[in-house]
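K.L.:
Input: one structure, supplied below.
The values are calculated or read from the model by the stated rules, or taken from the named source; none is laboratory data. Note that the structure is a prediction, hence the values are computed from the model and not measured. Note that each Cβ is placed from the backbone with ideal geometry, even for glycine, and that neighbours are counted across all protein chains shown. Each accessible area value is taken on the protein alone, full model and side chains, heavy atoms only, with ligands, DNA and RNA left out. Shrake-Rupley method; radii C 1.70, N 1.55, O 1.52, S 1.80 Å.
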Amino acid sequence: MHNLNYLIGMTAIAAFAMAGVLAAARKDMDIISLTFLGVITAVGGGTLRDLLLSTQVFWVLDFNYVWIAIAASIFAFYLERHLRDESVWALILYLDAFGIALFGVQSIDKALALHFSAPVAVVMATITGIGGGLVRDVLAQRPNLLLSREIYATTIIVGSICYIGLMGLGGKTALTTLAGVAVTFIFRSLAIHRHWRMPRWLTLRSNLNG
Amino acid sequence: MHNLNYLIGMTAIAAFAMAGVLAAARKDMDIISLTFLGVITAVGGGTLRDLLLSTQVFWVLDFNYVWIAIAASIFAFYLERHLRDESVWALILYLDAFGIALFGVQSIDKALALHFSAPVAVVMATITGIGGGLVRDVLAQRPNLLLSREIYATTIIVGSICYIGLMGLGGKTALTTLAGVAVTFIFRSLAIHRHWRMPRWLTLRSNLNG
Amino acid sequence: MHNLNYLIGMTAIAAFAMAGVLAAARKDMDIISLTFLGVITAVGGGTLRDLLLSTQVFWVLDFNYVWIAIAASIFAFYLERHLRDESVWALILYLDAFGIALFGVQSIDKALALHFSAPVAVVMATITGIGGGLVRDVLAQRPNLLLSREIYATTIIVGSICYIGLMGLGGKTALTTLAGVAVTFIFRSLAIHRHWRMPRWLTLRSNLNG
């Protein structure tokens, strides 16, 4: 069971890294920069979470996370050069959705195990999911998801609240974990597939700053 | 007295968050992104300070800071949509000035209590005041205050040095605290009101990088 | 010997700060902003390293690093206004190369002394070398080195691996330290002098994102 969890975690890290390389890839970028951006996308959010929780950064303790992220980034680099199949990248988008769902639940478990409150745990799940991508977008000088109306952070927040609620009702079982991952994953997958955007009434209609 | 301090701190957090939402607001941004940017503006500087001082991040221990920042951000979102009164936002600018003054003094107290040196304390006061806004501007992809000639960080540095100097002369009393807050607040308020800019001789006249 | 190391470290900090001010300098920037950017360039990478290693941030313990960075930044500000000699700035570029070489070796020593693994140490050397410049470029809203094909991080990675390899073979002596610094410095100096760029086959040829 523990080994399965570890394997699933590594798969999610790889998906994060590949999605990161895809998003950041631009003409004239070299493999070192792209790998750097892929690794930051993959481990950046969890790094922020661990710093905020005053706990040892996870990949400093187990460097396998970084090795997997490096390998996945290099793989994505060659994939991009040789294979331009949209369906491959679509798959990665759903793997990324799986990644935020899984890391969300893991981050909540970690925060609660360190005796932090439920709201702190929800924030940590969200930061773990979006932090890496935000840092990547800042470094790659591209628009980040805060500037779009895509439904991304919302799915993590909703999934996290459901997961914590279920644990409050029935305790922590394999089923609550599964349900927690499922809510975020399904919500995010629907948002991808149906191109959901935030409704207008929750969006600014005018440009305040001219 | 302690309760009053707490209340004042929460007011300043709310002002920071509202000023943050105002500054970042742009067409098509949704309420989740704006709230995220508001909260980062409000607690980002103090978070950086606590990380640099190797101490537990303040809002992880007391989540009320984040609740207030979330509430103030949502309030600012609706305010922006329904009320375009310049005087409201001018008030927020002065509340922000009060915020940097108050958090400056609090950060100095915190750094000195942890036995760090006076120069470290001044740096922490400055980072607490400007850090959140810098991170917000980077994420919202807008020009930050380092790129303007506005007098902002300078007021915190001057106020912090005065405060530490007064404590050196007369010890830490309610009066020195008040004076410390007042110097930064008055200096910054004058800078806002009179549109003070850095003098030319302290400014680059040409564009080095072409 | 210890004093010599300290002096060399301070020289490298000064070089980092001056290179930082030069890179960020733009019309209408004031001396406070430029000094801030210079100091961030100089100490930012080491700060990130220390946070990731869960150890006390170096300049919080010894503020002399910041004093030197402030002095060097102000000096660079006046230098830029009064002296436009290309050769001065070329010298600073090579001092920066010396800085990344020296701080790379120091970061590896620090990480290994804290019982982290060799790969973690190499990552820390790289982050120490490039972190400050990345943060500066983000704040100054200019293209960072991840977006160029310049050979920079690669020289630190290669130098770090050589240094750790040599220590594995012959233990830590003054000679291995010297060799470790030399590899990065010479590699980076050649990259500057000969305008080396990443080869085409390690670079994206097309613009993925249109």
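Yes or no, residue by residue, for (1) within 13 Å of chain B (Cβ to nearest Cβ); (2) open to solvent by 40 Å² or more (accessible area, probe 1.4 Å); (3) hydroxyl-bearing (S, T, Y):
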{"residue": "C:A42", "(1), (2), (3)": "no, no, no"}
{"residue": "C:I68", "(1), (2), (3)": "yes, yes, no"}
{"residue": "C:Y78", "(1), (2), (3)": "yes, yes, yes"}
{"residue": "C:R81", "(1), (2), (3)": "yes, yes, no"}
{"residue": "C:D96", "(1), (2), (3)": "no, no, no"}
{"residue": "C:L102", "(1), (2), (3)": "no, no, no"}
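K.L.:
Hey, any hits in segment A:6-17 for a residue that's open to solvent by less than 20 Å² (accessible area, probe 1.4 Å) and closer than 30 Å to C:R197 by Cβ?
P.N.:
Yes - at least one qualifying residue is present in segment A:6-17.
So that you can scan it fast, the table gives a plain yes or no per residue for (1) open to solvent by 10 Å² or more (accessible area, probe 1.4 Å); (2) more than 7 Å from chain A (Cβ to nearest Cβ):
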{"residue": "B:R26", "(1), (2)": "yes, no"}
{"residue": "B:D30", "(1), (2)": "no, no"}
{"residue": "B:L37", "(1), (2)": "no, no"}
{"residue": "B:G45", "(1), (2)": "no, yes"}
{"residue": "B:S54", "(1), (2)": "yes, yes"}
{"residue": "B:W59", "(1), (2)": "yes, yes"}
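K.L.:
Okay, next question. Looking at the structure I just gave you, is C:Y163 closer than 23 Å to A:V138 by Cα and buried (at least 18 other Cβ atoms within 10 Å of the Cβ)?
P.N.:
Against the criterion (closer than 23 Å to A:V138 by Cα and buried (at least 18 other Cβ atoms within 10 Å of the Cβ)), C:Y163 does not qualify.
K.L.:
Right, here's the next one. Which residue, of B:I130, B:I156, B:I186, B:I192, is surrounded by fewer than 24 Cβ atoms within 10 Å (Cβ to Cβ), within 14 Å of chain C (Cβ to nearest Cβ) and not basic (K, R)?
P.N.:
None of the other options fit; the residue is B:I130.
K.L.:
Going through segment A:43-68 one residue at a time, which ones are in contact (Cβ under 8 Å) with a residue 60 or more places away in the chain, under 21 Å from C:L114 (Cα atoms) and of a type in the set (V, I, T)?
P.N.:
A:T47
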